[in-house]
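This report refers to the structure that appears directly beneath it.
The values are calculated or read from the model by the stated rules, or taken from the named source; none is laboratory data. The structure presented is a predicted model; accordingly, all values stated were derived computationally and were not measured. A quick note on method: Cβ atoms are made from the backbone with ideal geometry, for glycine too, and the neighbour counts reach across all protein chains shown. Quick note on the areas: whole protein, heavy atoms, side chains included, nothing else; ligands and nucleic acids left out. Shrake-Rupley method; radii C 1.70, N 1.55, O 1.52, S 1.80 Å.
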Amino acid sequence: MQKFAKYAVNISRGREHSEAAPQYRSDFQRDRDRVIHSSAFRRLEYKTQVFINHEGDLFRTRLTHSLEVAQVGRSVANALDLNVDLVEAICLAHDLGHTPFGHSGQDVLNECMLQHGTGFEHNLQSLRIVTQLEERYAEFDGLNLTFETLEGILKHCSLAKAAELGELGLRFINKQQPSLEAQLANIADELAYNFHDLDDGLRANVLKLDQLEEVEIIRVELARITTKYPHLTGRRLHKELVRHLINTTIYELIDNCRANLDKYQPESVEEVHLLPAIIQYSPESFARQRELKKFLHQNMYKHYTVMQLRYKAEQVVRSLFSAFMSESRLLPDQFQARIQVDGLARVVADYISGMTDRYAFRLYNRLFTVENV
Ligand code: MG
């Protein structure tokens, strides 16, 4: 049995539809298992993180990203005696609502939806999937996850939206923190993507090691590695670098969280909600992470090879959206059936955001190319 600190989530506040307690696992292990068995989770395998899935077999996808987030989350949760199973459930579910084609897909779908009064936000979509869209249980829609897992999935939310979400939206209205497990899943996401995007950028030759030396944390780690292994070059040096960066950052995060826990001494989960965020980097590590992020923005996410993919993705999402909006009978039957209840734009957003990259490409070709005619 895992040992929990008094500030960790130990017992769930419950689920929307009451169910008998699981026999051989905790409520949060049950949540994690439900996420893993969901259709939305399997589709993450074919959704882009930065590089389009079929551009290379070795790049991250949303699925491998989610697994890496869960790994970082578990390591830190263990060190702080938080509820590891809850952290894992949140981390694995955090990107379920992501569109195909990474951030470009999300940005375009958001633009399209804004013209219909509401935007598109992937963490609200993740919540929609686990509370409504998954159809696999006889007694309820969605996965009927615990309140705590849902709280973690809903990272941020506008006040207007929070007001519609009942108990789940209250912390945004009251300006309170979520559980430490939810705080951790959020930071683990960012930590994982900064370093794996760097790793993928080096592999794709979009970034070069010598160019990276302008970033402080990279310069420091490279100096450490080359002092120990002066002859290391190429792929092995790049891999050592990424490994060292992840390790050092996780250690710094754990140290700072321990210092915050010492400072605030939370005695319970309830107290955690009223305190400032505890799972945070120190101001110095935060500044170093921000420098890396800025570097990645300028040199990787804006690199012309990434921009070309982004351009293509935007055309695909925009074209599919307008096609379905102008002719709803192009939608599969099960989506047409929901238009009455959810409205056409929301149903189209559900359909498009659920697509994998290759499904979206295939459908685009089916609707817009004339090759086979
Ligand atoms: Mg993520």
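Per-residue answers, yes or no, for (1) farther than 27 Å from PHE335 by Cα; (2) within 14 Å of the ligand (Cβ to nearest atom); (3) part of a helix (DSSP H, G or I):
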| residue | (1), (2), (3) |
| --- | --- |
| GLU68 | yes, yes, yes |
| GLY73 | yes, yes, yes |
| SER104 | no, no, yes |
| GLU111 | no, no, yes |
| SER126 | no, yes, yes |
| VAL130 | no, no, yes |
| ASP141 | no, no, no |
| CYS157 | no, no, no |
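With the structure loaded, tell me whether TYR193 is within 16 Å of the ligand (Cβ to nearest atom) and open to solvent by 20 Å² or more (accessible area, probe 1.4 Å) or whether it fails that test. Give the steps one after another, and end with the answer.
Numbers: within 16 Å of the ligand (Cβ to nearest atom): yes; open to solvent by 20 Å² or more (accessible area, probe 1.4 Å): yes.
Yes.
Taken across region 232-251, residues that are farther than 17 Å from SER285 by Cβ, in contact with an Asp or Glu (Cβ under 7 Å, 6 or more places away or on another chain) and open to solvent by 20 Å² or more (accessible area, probe 1.4 Å) do occur, with at least one present. Pairing each residue of region 200-219 that is open to solvent by 90 Å² or more (accessible area, probe 1.4 Å) with any residue that is part of a loop (DSSP other than H, G, I, E, B), provided the two are 6+ apart or on different chains, yields C-beta distances under 8 Å for ARG219/GLU213. Could you list all residues from region 323-344 that are surrounded by 13 or more Cβ atoms within 10 Å (Cβ to Cβ) and of a type outside the set (Phe, Trp, Tyr)? Residues satisfying the conditions are ALA323, MET325, SER328, LEU330, LEU331, GLN336, ARG338, ILE339, ASP342, GLY343, LEU344. Listed by first and then second residue, the pairs with beta-carbon distance under 7 Å, at least 6 apart or on different chains, first residue in region 110-122 and within 16 Å of ALA313 (Cα to Cα), second among the β-branched types (Val, Ile, Thr), form an empty list.
A count restricted to region 1-48 and to residues that are open to solvent by 80 Å² or more (accessible area, probe 1.4 Å), touching a Pro at 6+ places or on another chain (Cβ under 8 Å) and modelled with pLDDT under 95 stands at 0. Screening region 278-371 for helices (runs of 4 or more DSSP H) wholly inside it with 3 or more residues that are within 20 Å of GLU121 (Cβ to Cβ) and of a type outside the set (Lys, Arg) returns the ranges 304-326, 344-354. Within region 169-184, the set of residues being farther than 23 Å from PHE4 by Cβ and open to solvent by 10 Å² or more (accessible area, probe 1.4 Å) comprises LEU170, PHE172, ILE173, ASN174, LYS175. Scanning region 288-309 for residues that are open to solvent by less than 70 Å² (accessible area, probe 1.4 Å) and closer than 19 Å to GLN49 by Cβ gives GLN289, LEU292, LYS293, PHE295, LEU296, ASN299, MET300, TYR301, HIS303, THR305, VAL306, LEU309. Of all the residues in region 10-39, those that are closer than 15 Å to LEU143 by Cα, touching a helix residue (DSSP H, G or I) at 6+ places or on another chain (Cβ under 6 Å) and of a type in the set (Lys, Arg) number 1. Condition check: touching a Ser or Thr at 6+ places or on another chain (Cβ under 8 Å) and of a type in the set (A, V, I, L, M). Does ILE246 satisfy that? No. Scanning region 129-164 for residues that are crowded, with 17+ Cβ neighbours inside 10 Å and aliphatic (A, V, I, L, M) yields ILE129, VAL130, LEU133, LEU143, LEU145, LEU150, ILE153, LEU154, ALA162. Once region 77-97 is narrowed to residues that are away from the ligand (no atom under 16 Å from the Cβ) and in a helix (DSSP H, G or I), the residue that is most open to solvent (accessible area, probe 1.4 Å) is ASN78. Can VAL347 be described as within 18 Å of ASP107 (Cα to Cα), in contact (Cβ under 8 Å) with a residue 12 or more places away in the chain and either of a type outside the set (Gly, Ala, Ser) or open to solvent by 40 Å² or more (accessible area, probe 1.4 Å) (or both)? Criteria met by VAL347.
Scan region 272-287 residue by residue and report those that are open to solvent by 50 Å² or more (accessible area, probe 1.4 Å) and not hydrophobic (A, V, I, L, M, F, W, C).
Let us first name the residues in region 272-287 that are open to solvent by 50 Å² or more (accessible area, probe 1.4 Å), namely 274, 276, 280, 283-284, 286.
Scanning region 272-287 gives PRO276, GLN280, PRO283, GLU284.
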